[in-house]
Amino acid sequence: MHPVHLPGPRLALRELSPGDVDGVFAIYGSPAATHHLSFEPRTRDQVAAIMERSIASATVNPRSEYAVAVVERQGGQLVGFGRLATDPHQQRGATFGFALRPDVWGRGYGVETVRLLLSLGFDTLGLHRIWGARSPLNTAGAATMAAAGMVEEGRIREHVHKAGKWRDSIVHGILDREWRRAVAE
């Protein structure tokens with residue numbers, strides 16, 4: 001599917017564009033926004049390179065990565081970054097992740113972002129299972145995924161090496177039938 005354009009109540013997912021570098025840098029360059037992510041804050045040049053690869057991957061056929069901008073529907077301001085990547089080791093499965101600018105935290109944008117990414121995976125791509133991992137200390141991420149209907153599935157021990165230390169990850173997943181049930185409620 002290209003291009004992605006998926007509207008929600010207040011937010012929308014859309015394809016990344018070269019003009020989004022500063023918006024994504026406001027997230028990936030932020031120590032607060034990357035605190036629970038698997039990497040240290042990125043430089044603007046690193047973000048530009050990531051964006052270049054992500055934009056190029058959007059036109060590959062078959063497409064296996066959906067790196068998208070999360071924008072406010074009113075005004076179109078980029079407030080987040082989302083990624084859904086099909087998993088070659090899992091039939092009709094994908095991993096996902098997202099990050100939001102710290103100044104928009106606490107508005108419910110996280111839950112809406114997760115729901116939009118799950119909708120892309122289940123409703124548009126016909127996936128069976130989507131999973132994501134979070135830092136054990138990221139309780140807001142846990143609450144966000146639970147509110148979107150995801151289930152905590154377990155722990156991957158010493159999964160991420162960051163700041164010179166190994167860190168576990170907590171896995172959350174959802175199946176297509178669970179998604180359909182959550183949407184119907």
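The values are calculated or read from the model by the stated rules, or taken from the named source; none is laboratory data. Keep in mind that this is a model prediction, so the values were computed, not measured. All Cβ positions, glycine included, derive from the backbone under ideal geometry; neighbour counts span all protein chains shown. Remember, those area values only see protein heavy atoms, side chains included, never the ligands or the DNA or RNA. Shrake-Rupley method; radii C 1.70, N 1.55, O 1.52, S 1.80 Å.
Can you give the accessible area per residue of the range 1-46, in Å², using a 1.4 Å probe?
Per residue, the range 1-46 has an accessible area of 53 Å².
Whole-Å semi-axes of the chain's equivalent ellipsoid, largest first, each the root of 5 times a Cα gyration tensor eigenvalue?
Value: 22, 21, 17 Å, ordered largest first.
Need the full-extension length gain, Arg181 to Gln74, defined as separation in residues times 0.36 nm minus the C-alpha distance. One decimal, nm.
35.6 nm
Per residue, how much accessible area does the range 75-152 have with a 1.4 Å probe, in Å²?
43 Å²
Per 0.36 nm of contour for each residue apart, how much would the distance between Asp87 and Ser17 grow if the chain were fully extended, relative to their Cα-Cα spacing?
Length gained, Asp87 through Ser17: 22.8 nm.
Net charge near Val104, counting Lys/Arg +1 and Asp/Glu -1 over other residues with Cβ under 14 Å of its Cβ?
Value of the local net charge: +1.
Would you calculate a helix-derived [θ] at 222 nm for the chain, using -39,500 (n - 2.57) for each DSSP H run of n ≥ 4 and dividing by the full residue count, to the nearest 500?
Computed mean residue ellipticity for the chain: -8500 deg cm²/dmol.
What do you reckon, how do Trp179, Trp166 stack up by accessible area (1.4 Å probe), largest on top?
From most exposed to least exposed: Trp166, Trp179.
In whole percent, how big is the carbon plus sulfur part of the accessible area of the chain, probe 1.4 Å, protein atoms only?
That share works out to 53 percent.
Using 0.36 nm per residue, how much length does the chain from Leu137 to Val151 gain when fully extended, once their Cα-Cα distance is taken away?
Additional length available on full extension: 3.4 nm.
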